[in-house]
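What follows is one structure encoded as structure tokens, with my remarks underneath.
The values are calculated or read from the model by the stated rules, or taken from the named source; none is laboratory data. Here the structure is a predicted model, which means the values were calculated and not measured. Quick reminder, even Gly has a Cβ in these numbers, built from the backbone with ideal geometry, and neighbours come from all protein chains shown. Note: areas computed on protein heavy atoms with side chains; ligands, DNA, RNA excluded. Shrake-Rupley method; radii C 1.70, N 1.55, O 1.52, S 1.80 Å.
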Amino acid sequence: HKLRSFDRAEISRTMTLIESSRVQDRVFAQQLLKTLIKQGKQETNLFKLKTIRVGLCGSPGAGKSSLIEKLGMHMCNLGVKLAVLAIDPSSRTTGGAILGDKTRMEQLSLHPNAFVRPSPTRGIMGGLALHTNELALLCENIGFDMVLIETVGLGQNEIEIDNVTDFVSLVIPPGSGDDLQGSKKGIMEIADMIAINKYDGPFEYACKKLKVDVQHSIHFQTQRYEEWEPPVILCSAECNRNIDQLYGLSLIHISEPTRRYAISYAVFCLKKK
């Protein structure tokens, strides 16, 4: 009951339980998730899009956390119940993590419609933490409208975020290479939208040039969806510029059953036969 009423302390304790490596905690966490999922299935119509998962990925220093702060505030002010799962790299030397992404979300972390949870990778490769998908499942089944997952700073070949989200937004800063760099495979192929951040001040010209290069590259890529070519958006977290476009475009793309929902729909049809 406390979880579904968005009790922050209870949600935090439950997430800590899910991330625990103790055997008894893992068993209890799995039982809890199964119970919540069962209750959620009983309450939710399969054809109604319940919770949307959006992944934000990009290289270190692209401005992902600052962008989530502005994007999240825009959503929450519209009445969206938002959960943010921010993944932070762990030290290979000490095993610890600063978990500093939340410090860039000062206003968002205090908003009554938002919940921000930083998690360490603990040596897991690919940009996500070991239990990121389970945390997202928890958020889905206690009533959040949207889950934003921020990966650690990624390279070209780390695409695990595509397996746990409905929509992937790739955040790139100005000066990220030419059109040949944009044509390389990997992370560019999984992006449903590309946000060129830091479109302000002296970087405006560099951002516009990068947008042309990226659009050029996308045009020659094999598209995953017939009627969707990933849009390239110029935005600025610093100036709160074009943030509404990021939110609007993600909803347009997810308005039809895709990924997890397409699979659920197929399973439903098979059971009906």
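The table that follows gives values for the structure above.
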| read-out | value |
| --- | --- |
| Computed accessible area, Lys198, all protein chains, 1.4 angstrom probe, square angstrom | 70 |
| Heavy-atom accessible area ranking, 1.4 Å probe, most first, across Phe115, Phe220, Phe6 | Phe220, Phe6, Phe115 |
| Net +/- balance of residues flanking Pro230 in space, Cβ distance below 11 Å, scoring K and R +1, D and E -1 | -2 |
| Accessible surface, 1.4 Å probe, highest first, among residues Thr14, Thr35 | Thr35, Thr14 |
| For segment 208-248: rounded, prolate or oblate by the Cα gyration tensor [a/c cutoff 1.5] | oblate |
| In Hz, Karplus ³J(HN,Hα) per residue of segment 21-31 (6.51, -1.76, 1.60; θ = phi - 60°; x = Gly, Pro) | 9, 6, 4, 5, 5, 5, 5, 5, 5, 5, 5 |
| Cut-off under 5 Å, modelled amide H: who pairs with Gly55 long-range | Ile149, Asp166, Phe167, Val168, Ser169 |
| Per-residue ³J(HN,Hα) for segment 122-129, Karplus 6.51 cos²θ - 1.76 cosθ + 1.60, θ = phi - 60°, Hz, x for Gly and Pro | 6, x, 6, 8, x, x, 10, 8 |
